[in-house]
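Structure first, then comments.
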Ligand SMILES: C[S@@+](CC[C@H](N)C(=O)[O-])C[C@H]1O[C@@H](n2cnc3c(N)ncnc32)[C@H](O)[C@@H]1O
């Protein structure tokens with residue numbers, strides 16, 4: 001049986017769906033991540049922060065931060081400031097509670113497509129598992145590049161569609177059958193976790209995302225695949 005399709009008539013409808021969905025699932029979001037990835041996401045986040053190459057006393061932005069796991073991971077690099085921004089108020093509320101003692105993290109409500117930050121504010125920007133959810137990938141990348149200083153890094157961690165292979169079939173089975181079931185059982189929200197595999201299916205492949213980052217003006221764009229090619233970590237530099 002195929003899961004029901006989540007369909008959108010417009011970009012606005014998708015943005016609203018995404019924001020409300022994350023507001024709803026926020027209390028169980030972290031638990032679902034740990035279960036779905038068998039704890040592997042912790043390792044991917046560490047790598048993402050390493051790729052940001054933060055200088056001493058860095059200013060870091062985690063955009064579409066959700067519950068702030070990337071921001072929290074970055075604390076060990078001893079930056080001077082971490083801004084964690086998202087348009088789901090419930091997600092950032094969860095993050096705020098979790099990050100409690102890490103005063104260095106400032107949680108902010110913001111739309112990643114129109115960030116309330118001046119040009120060149122940050123030494124680096126990271127984003128995790130957000131690209132599939134934004135309604136304009138190119139505008140989102142351009143905004144990330146805009147707020148980072150010259151030669152600072154833009155880092156993107158995201159699930160990536162597989163080319164046809166046995167592995168693709170295995171992951172399709174896992175994502176399309178097991179994940180929605182887990183989402184229903186654990187997060188009480190089967191719809192949200194039906195949207196997840198669909199958003200991966202229609203998302204651009206890693207090579208295409210690299211090209212889009214280059215087209216947005218980033219230099220030295222590279223990527224590495226993780227977890228049998230199901231996750232991609234991209235990074236690029238703002239031109240000097
Ligand atoms: C799958 S969650 C990822 C959360 C977190 N970055 C992580 O690594 O776990 C996607 C997040 O992107 C946020 N998001 C999607 N579109 C956004 C936008 N235009 N502006 C700000 N946040 C956005 C959602 O609210 C959600 O918290």
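A few remarks follow.
- Antiparallel bridge percentage (DSSP; both residues within the range 11-237; nearest 5): 40 percent
- The ranking of 44, 235 from fewest to most other beta carbons within 10 Å of each one's beta carbon is 44, 235.
- Comparing mean-square fluctuations of 151, 164, 199 from a GNM of the chain with C-alpha springs under 10 Å, the top value falls on 164.
- For the range 1-91: relative contact order, % (alpha-carbon pairs under 8 angstrom, 6 or more apart): 30 percent
- Rg/Rh, computed from the Cα trace of the range 9-98 with Rh as the Kirkwood radius, has the value 1.01.
- Here the range 103-186 is described by how far its Cα atoms reach on the three principal axes: 44, 30, 24 Å, from widest to narrowest.
- Choice from 93, 224, 198 with maximal GNM fluctuation in the chain (Cα, 10 Å cutoff): 224
- Radius of gyration, Dmax [the chain; alpha carbons; angstrom]: 16.9, 53
- Exposure proxy order (Cβ contacts within 10 Å, fewest to most) of 12, 73: 12, 73
- Residues considered: 67, 127, 230. Largest GNM mean-square fluctuation over the chain, using C-alpha springs under 10 Å, is found at 230.
- Relative contact order for the chain, counting Cα pairs under 8 Å that sit 6 or more residues apart, in percent: 20 percent
Here, each number is a calculation from the coordinates, and none is a lab measurement. Treat the numbers as computed from the prediction; the structure is a model and nothing was measured. Note that each Cβ is placed from the backbone with ideal geometry, even for glycine, and that neighbours are counted across all protein chains shown.
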